[in-house]
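Presented below is the structure to which this report refers.
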Amino acid sequence: MFALRRTISDAIAQTDMFHNPTGTTWMIASCLWGVAAVGVWSWTTCYEFKTDAPSATLASLERWPSDSELVLAGDRPTLVFFVHPRCPCTRASVRQLERTLTGAGLSNGAQPKLIVVATVPEDADRAWRATDVITRSARLPFAEVHWDTSGKESSRFGATTSGTLMLFQPDGALCFAGGVTSSRGHEGDNQGSRNLLVALRQEQSLAISHQPVFGCKLCTEFDFATCNNNCALMPSDGEHSTEGANR
């Protein structure tokens with residue numbers, strides 16, 4: 001008898017639910033909102049930590065490219081910094097690199113010559129050259145900006161992602177390649193910046209350190225469509241930056 005009463009009660013409750021359109025609508029809306037929230041979170045997380053594998057050129061690079069028009073310093077290490085002028089994620093790379101170069105107590109001899117290689121398409125107007133990424137990069141210690149039209153130099157070094165750094169010793173040997181952020185637009189202590197600092201200080205003999213790079217595609221001669229569309233809109237400064245992100 002008890003089981004029969006329970007069955008009847010359940011049937012009545014289900015009938016009431018289907019005859020209560022407001023309750024049904026709220027239930028469906030809540031489910032859809034939950035699914036959408038999980039979807040947005042998943043997409044954002046995947047995008048934030050998305051990185052491309054090193055190009056074949058970079059993966060096999062061990063020394064300064066012989067066909068490069070850039071000048072290797074003979075009295076100090078040379079650090080090459082590849083940037084997309086419109087990449088919002090690269091702001092964090094610039095700030096993290098600034099911390100590494102100015103806040104680590106590097107001796108004058110350990111301070112590298114810094115070449116900022118800014119890749120731009122052939123039809124780039126003045127707006128491409130007047131971004132805050134370029135302005136702040138040019139203020140880094142011992143920095144000089146090289147405008148890399150069509151990404152010719154980037155291709156020689158095998159760089160494909162904005163924020164890529166390569167450190168070469170005066171004899172041309174590569175000792176670091178990769179990024180100095182823990183994810184897209186997140187600055188703070190991370191393995192990449194620590195490895196770069198070790199290489200700059202020459203505290204120990206290391207194999208070439210390859211670190212993941214988080215940023216937009218560079219404007220190489222093979223990737224103009226991606227270059228023009230990937231980072232066309234830059235948000236306000238700081239929107240992509242999160243202090244203290246750790247790897």
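Laboratory data are not the source of any read-out in this text; all were calculated from the coordinates shown. In this text, all values refer to a predicted model and were calculated from it rather than measured experimentally. Backbone-built Cβ (ideal geometry, glycine too); neighbour counts: all protein chains shown.
When ARG136, ARG91, ARG63 are sorted by how many other C-beta atoms sit within 10 angstrom of their C-beta, beginning with the fewest, the order is ARG63, ARG136, ARG91.
The distance linking segment 109-165 with segment 75-97 is 7 Å (Cα centroid to Cα centroid, whole angstrom).
As a proxy for reagent exposure, TRP128, TRP147 were ordered by neighbouring Cβ count within 10 angstrom, fewest first; the result is TRP147, TRP128.
Quick check on the exposure proxy: order PHE176, PHE142 from fewest to most C-beta atoms within 10 angstrom. Going from sparsest to densest Cβ surroundings: PHE142, PHE176.
Quarter the surface of the alpha carbon convex hull of segment 56-230 and you get the mean projected area, 9.0 square nanometres. Projecting the Cα positions of GLY163, THR181, ALA143 onto the charge dipole of segment 56-230 (unit charges on Cβ atoms of Lys, Arg, Asp and Glu, taken about the Cα centre) puts THR181 furthest along the positive direction.
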